[in-house]
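Report on the structure given below.
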Amino acid sequence: MAVMKPALFLDRDGVINVDRGFVSRVEDWEWVSGAIECVKTYKARDWFVFIVTNQSGIAFDHYQETDMDRVHAHMHAGFEAAGTHVDGTYHCPYHQDGTNPKYRKDSFDRKPKPGLILQAMADFPVKRDASFLIGDKQTDIDAAHAAGIGGFLFTGGDLSTFAEWALASFEDGVR
């Protein structure tokens, strides 16, 4: 039987990287201060770390899934170069008002719905009651709560410092 572990769920744009609208090119990637250190710290604690991200730009034909895949490969390479990694990256390319018929649908994976988080929990032995999410939009927090985990709204600054505050708050019962 797999050992249950807590998980840190992170939104991508605005949490891991600077949100510049639809970040779909490696050239537009800029790490949020403390993002790599945050992941390193939580992995050193033996936590799972997941990225859960809406990517509606795909549904609106602003970029293709292959573009997102290149950006994610760049992100993963940055973590690896720093000696760390995330356990999984989950994305939702769908939007009910999308212009691309292939991606125009209401999806249980699109935050504020909890599908991406629940999928990670199905794929890994996550200890739900010890896990939380950091996101930069209320939809992220709503998805966390819908999945039965805590959620913290990141408004900028150093992610590693914020994640330490979030963990302390979470342990004090703030959800």
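Every read-out reported here was derived from the displayed coordinates using simple, explicitly stated rules and does not represent laboratory data. Just so we're clear, the structure is a prediction, and the values are computed from it rather than from any experiment. All Cβ positions, glycine included, derive from the backbone under ideal geometry; neighbour counts span all protein chains shown.
Key figures
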item: Of LYS40/LYS137; LYS102/LYS137; LYS102/LYS127; LYS105/LYS127; LYS43/LYS102, pairs whose Cα-Cα distance is over 28 Å; result: LYS102/LYS127; LYS105/LYS127; LYS43/LYS102
item: Lys, Arg +1 and Asp, Glu -1 on Cβ, resulting dipole of the chain about Cα centre, debye, nearest 20; result: 420 debye
item: Alpha-carbon gyration tensor eigenvalues x 5, square-rooted, for region 7-163, Å; result: 23, 19, 14
item: Residue-span extension gain [SER169 to VAL26] - 0.36 nm each, minus C-alpha spacing; result: 48.1 nm
item: For the chain, built as a Gaussian network whose Cα springs stay under 10 Å, the top-fluctuating residue of ALA44, ALA147, ALA59; result: ALA44
item: Ranked packing of 111-118, 156-163, most packed first, by mean Cβ within 10 Å; result: 111-118, 156-163
item: Extension gain from HIS85 to VAL3, taking 0.36 nm per residue of separation minus the Cα-Cα distance; result: 27.6 nm
item: Residue-averaged [θ]222 nm for the chain, counting only DSSP H segments that reach four residues, each worth -39500 (n - 2.57); result: -10000 deg cm²/dmol
item: Cut-off under 5 Å, modelled amide H: who pairs with ILE51 long-range; result: LEU10, GLY88, THR89, TYR90
item: Mean Cα-pair separation over length for the chain, i.e. relative contact order, pairs under 8 Å, 6 or more apart, %; result: 27 percent
